[in-house]
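A short worksheet on the structure shown next.
The values are calculated or read from the model by the stated rules, or taken from the named source; none is laboratory data. Being a predicted model, the structure only gives us computed values, none of them experimental. Here the Cβ positions follow ideal geometry from the backbone for every residue, glycine too, while neighbour counts run over all protein chains shown.
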Number of protein chains: 2
Amino acid sequence: MATIYEVAALAGVSPATVSRVFNGLPVSEEKTRRVRAAATKLSFTPNKTARRLRKQSSEIVALLIPDIENPFFTALARGVEDRAQEAGFSVVLCNTDDDPAKELRYLQIVASEHMAGVILAPASDEVDLGAIASLGRPVVAVDRTTPYPVDGVKIDNRAAGIAATTALFDIGYRRVACIAGPAGIEATEERSLGWREVVAARSPQVPDGYLQHANFRVDGGRAAMRALLGAQPRPDAVVTTNNLMAVGALQVLGDTGISPREFGVAVVGDLPFAPFIPAAVAQVHLPARHLGRTAASMLLERIGGSTQPPRTVVLRGELEVVAPPVAPSLDASLQSVPRQN
Amino acid sequence: MATIYEVAALAGVSPATVSRVFNGLPVSEEKTRRVRAAATKLSFTPNKTARRLRKQSSEIVALLIPDIENPFFTALARGVEDRAQEAGFSVVLCNTDDDPAKELRYLQIVASEHMAGVILAPASDEVDLGAIASLGRPVVAVDRTTPYPVDGVKIDNRAAGIAATTALFDIGYRRVACIAGPAGIEATEERSLGWREVVAARSPQVPDGYLQHANFRVDGGRAAMRALLGAQPRPDAVVTTNNLMAVGALQVLGDTGISPREFGVAVVGDLPFAPFIPAAVAQVHLPARHLGRTAASMLLERIGGSTQPPRTVVLRGELEVVAPPVAPSLDASLQSVPRQN
DNA sequence: CCTCTTGACGAAACCGATTTCATGCGCTTC
DNA sequence: GAAGCGCATGAAATCGGTTTCGTCAAGAGG
């Protein structure tokens, strides 16, 4: 690894001039040429660590997500990456496992590594952005909000919950249960809130056991579905508030031999890589990649120096019903929500 | 962000002593106490950029994978991360999209960011590790091999291909086709080689169209499957050489209404998050996470200074057959391959 | 008591860039 | 022709740690 000094010596100029050439500052044509030639000859690449130490910032943004094995978050990551690449930024992916301690560690790394900014799906409401904020590093919250005054991009979760639940009622199901995420996670809370509203309006009374809280993953969906099948009276459909729990729920239905028609399933989220989408499944597709792109764009704006007041962009999901409706009277306004640009 | 100088001033010692305290070098008990107190009071964290500039290395390893949306690679990433975390290292994930240019760019970043090492699923045989190697940065190849003398961890792909194909013959299928990855990608080439061997031994003659090359993803699997359904005579089963192509193939089968029994499918890889595993599907589960852990362990050894000659660890997949066999005469030795520790 | 070793510790060099500051040259302007 | 200005350029400071080197004091050995 050649240094700027060696290039300077070979080109017969000062190190400062070499730096200027590489940063687009005015340098005479003659010297620019000599510097470039010398740099090529020595295959010189500026040392980013040194540059970062001096500039107190780098062209790296961090993306903190709770679960890298969840396709929703990997799609989001793709969106972030695509946008960041366009602007010449690199993305560092960090897995928090929804663990506030891990999250905090990564946030400290962000600070001490002089990263340019953070896109964060907060593990909890308790996330401490104080340190990052006081350093002037921009933060964008995705999928979840924080008490701090930072930019955010989220899904209209309540509308998604409403759309999913309404779809089931419209198909003809009547005893619609819900598998929610862990209590306290905003995104799924809001989705189950949507469920609650629709159910309250369209169902005479809802047994207590119809709302099941579960962990976010496949096994959580399985456990919750088993509990639901034991509820009295047994539900005839279920809304799951995320993608992986839906997989678990469908697995249990398959194992117990309940036919898809017999039991409706609506998912807030996308069934990942589903080889077969069973009948009577409604999905509210979430624009995960777009969420990531948008978050990255907002972060880049801040990095670029924008000082406008923090905003939150809300994107909407898009309902897709695979099962032909039993009742033809669909509420068009909820049936399909246009994707926002 | 407090610096070492402020801590030194507050503790009444020199900066060098503060550095020594934080690096475990011998310092008197009294001063150690004072430094720690001062550091806590100022909530001092060593600046990694400065440290890295001086030490010419960091505690970050890079992981270059071709597709972050493929569950095989995210599972692999989890394995790498788990192991790295244990050793106090952070992992930077980079998406190469199987694009040699992107890969090269990331490798340059690895160098100029002074990362400690790289775990790489090479985009092609052409990958140029010369620059990295000459810097003395250790490299571990995962899933694929390289012409360079570096450590590697891979799957016994030929055995996996053989196991998957044999399983289909054992169930009773006779016209077994194969969906391979893009020509030139070692992993899937080897798997289809396994297919070819078994087919050659157990099938009278194999029509040309039975080997389809496709891109790695779901749409590739769909296209290949459609082509296969048009082949004469029509195959009655297929081996797919990766997980996503299997999803595509199953989708096409579902769309065309061919019953699962009628057409057997064997996957080298794991059907991701499958809500329903259709009958007559055999999977050769690949120990992706373990692959990642092993690669990380090997890399950490090298970072620790090991100079033993490069080795390649080969892990084996584990066959799981969902469909009950039609023919009871199973070849036990190929039927189930024990997972290696 | 004097020399030698050992170990803690501070001063200063160092990693490789960026950036400030000062200089000197060439032009314009009165 | 003198003063003023802009501009390219080099010397040197700077970012915040780590590490070398030299000093000094305490304890060991003769």
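Residue A:186 versus (1) touching a residue at least 40 places away in the same chain (Cβ under 8 Å); (2) crowded, with 19+ Cβ neighbours inside 10 Å: which is the lone unmet condition?
Of everything listed in (1) touching a residue at least 40 places away in the same chain (Cβ under 8 Å); (2) crowded, with 19+ Cβ neighbours inside 10 Å, residue A:186 misses just condition (2).
Within the range B:32-45, how many residues are in contact (Cβ under 8 Å) with a residue 24 or more places away in the chain and either away from DNA strand D (no atom under 11 Å from the Cβ) or among the aliphatic types (A, V, I, L, M) (or both)? Outline the logic, then answer.
Quick first cut of the range B:32-45, residues in contact (Cβ under 8 Å) with a residue 24 or more places away in the chain only: B:35, B:37-39, B:41-45.
Okay, now just the ones that are also either away from DNA strand D (no atom under 11 Å from the Cβ) or among the aliphatic types (A, V, I, L, M) (or both), so B:35, B:37-39, B:41-43.
The number of residues fulfilling the criteria is 7.
All but one of (1) near DNA strand C (Cβ under 7 Å from one of its atoms); (2) within 14 Å of chain B (Cβ to nearest Cβ); (3) modelled with pLDDT of 90 or more hold for residue A:20; state the number of the condition that does not hold.
(2)
Of the conditions (1) away from DNA strand D (no atom under 16 Å from the Cβ); (2) crowded, with 21+ Cβ neighbours inside 10 Å; (3) more than 10 Å from every other protein chain (Cβ to nearest Cβ), residue A:71 fails just one. Which one is it?
(3)
Sort out which residues of the range B:23-35 are over 21 Å from residue A:53 (Cβ atoms) and either away from DNA strand C (no atom under 11 Å from the Cβ) or of a type in the set (Phe, Trp, Tyr) (or both), and write them in order of number. Steps first, answer last, please.
Taking the range B:23-35 first, the residues over 21 Å from residue A:53 (Cβ atoms) are B:24-35.
Residue satisfying the conditions is B:24 alone.
Here is a check on your reading of the model: is residue B:92 free of Cβ contacts under 8 Å to residues at least 60 places away in the same chain, buried (at least 16 other Cβ atoms within 10 Å of the Cβ) and within 16 Å of DNA strand C (Cβ to nearest atom)? Full working, then the answer.
Values: free of Cβ contacts under 8 Å to residues at least 60 places away in the same chain: yes; buried (at least 16 other Cβ atoms within 10 Å of the Cβ): yes; within 16 Å of DNA strand C (Cβ to nearest atom): no.
Answer is no for this residue.
Does residue A:54 satisfy the condition of being more than 10 Å from chain B (Cβ to nearest Cβ), part of a helix (DSSP H, G or I) and within 16 Å of DNA strand D (Cβ to nearest atom)? I'd like the intermediate steps shown before the answer.
Working: more than 10 Å from chain B (Cβ to nearest Cβ): no; part of a helix (DSSP H, G or I): yes; within 16 Å of DNA strand D (Cβ to nearest atom): yes.
In short, no.
For residues that are surrounded by fewer than 20 Cβ atoms within 10 Å (Cβ to Cβ), assigned to a loop (DSSP other than H, G, I, E, B) and without any contact (Cβ under 8 Å) to a residue 60 or more places away in the chain, tally how many sit in the range B:117-170.
8
The rows are residues; the columns are (1) of a type in the set (Asp, Glu); (2) surrounded by 22 or more Cβ atoms within 10 Å (Cβ to Cβ); (3) within 16 Å of DNA strand C (Cβ to nearest atom).
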position: B:37; (1), (2), (3): no, no, yes
position: B:40; (1), (2), (3): no, no, no
position: B:43; (1), (2), (3): no, no, no
position: B:53; (1), (2), (3): no, no, yes
position: B:63; (1), (2), (3): no, yes, no
position: B:67; (1), (2), (3): yes, no, no
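If the requirement is being within 14 Å of chain B (Cβ to nearest Cβ), surrounded by 21 or more Cβ atoms within 10 Å (Cβ to Cβ) and at pLDDT below 85, which of these qualifies: A:288, A:274? Break it down stepwise before answering.
On the way: A:288 fails: at pLDDT below 85.
Of A:288, A:274, the one residue that is within 14 Å of chain B (Cβ to nearest Cβ), surrounded by 21 or more Cβ atoms within 10 Å (Cβ to Cβ) and at pLDDT below 85 is A:274.
Residue B:48 - would you say it is within 27 Å of residue A:102 (Cβ to Cβ), buried (at least 18 other Cβ atoms within 10 Å of the Cβ) and within 11 Å of DNA strand D (Cβ to nearest atom)?
Details: within 27 Å of residue A:102 (Cβ to Cβ): yes; buried (at least 18 other Cβ atoms within 10 Å of the Cβ): yes; within 11 Å of DNA strand D (Cβ to nearest atom): yes.
Yes, satisfied.
Could you run through the range A:19-31 and say how many residues are surrounded by 18 or more Cβ atoms within 10 Å (Cβ to Cβ) and near DNA strand D (Cβ under 7 Å from one of its atoms)?
Number satisfying all stated conditions: 1.
Can you tell me which residues in the range A:1-18 are more than 6 Å from DNA strand D (Cβ to nearest atom), more than 24 Å from residue B:56 (Cβ to Cβ) and assigned to a helix (DSSP H, G or I)?
The answer is A:11, and nothing else.
Does residue A:45 satisfy the condition of being hydroxyl-bearing (Ser, Thr, Tyr) and not in a helix (DSSP H, G or I)?
Working: hydroxyl-bearing (Ser, Thr, Tyr): yes; not in a helix (DSSP H, G or I): yes.
Judged against the criteria, residue A:45 is a match.
Right, residue A:116: small (Gly, Ala, Ser) and within 14 Å of chain B (Cβ to nearest Cβ) or not? Walk me through how you get there before you give the answer.
On the way: small (Gly, Ala, Ser): yes; within 14 Å of chain B (Cβ to nearest Cβ): yes.
It is true that residue A:116 is small (Gly, Ala, Ser) and within 14 Å of chain B (Cβ to nearest Cβ).
Which one of B:268, B:218, B:252 is within 27 Å of residue B:75 (Cβ to Cβ), more than 14 Å from every other protein chain (Cβ to nearest Cβ) and crowded, with 18+ Cβ neighbours inside 10 Å?
Values: B:218 fails: more than 14 Å from every other protein chain (Cβ to nearest Cβ); B:252 fails: more than 14 Å from every other protein chain (Cβ to nearest Cβ).
Unique residue meeting the criteria: B:268.
Residues of the range A:84-96 being at pLDDT below 90 and more than 10 Å from chain B (Cβ to nearest Cβ), which ones?
Residues satisfying the conditions are A:88, A:96.
What is the number of the single condition among (1) out of contact with any Ser or Thr (no Cβ under 7 Å at 6 or more places or on another chain); (2) among the acidic types (Asp, Glu); (3) part of a loop (DSSP other than H, G, I, E, B); (4) within 11 Å of chain A (Cβ to nearest Cβ) that residue B:81 does not meet?
(3)
With the checklist (1) more than 9 Å from DNA strand C (Cβ to nearest atom); (2) of a type in the set (Val, Ile, Thr); (3) more than 14 Å from every other protein chain (Cβ to nearest Cβ) in hand, flag the one item residue A:7 doesn't pass.
Single failed check for residue A:7: (1).
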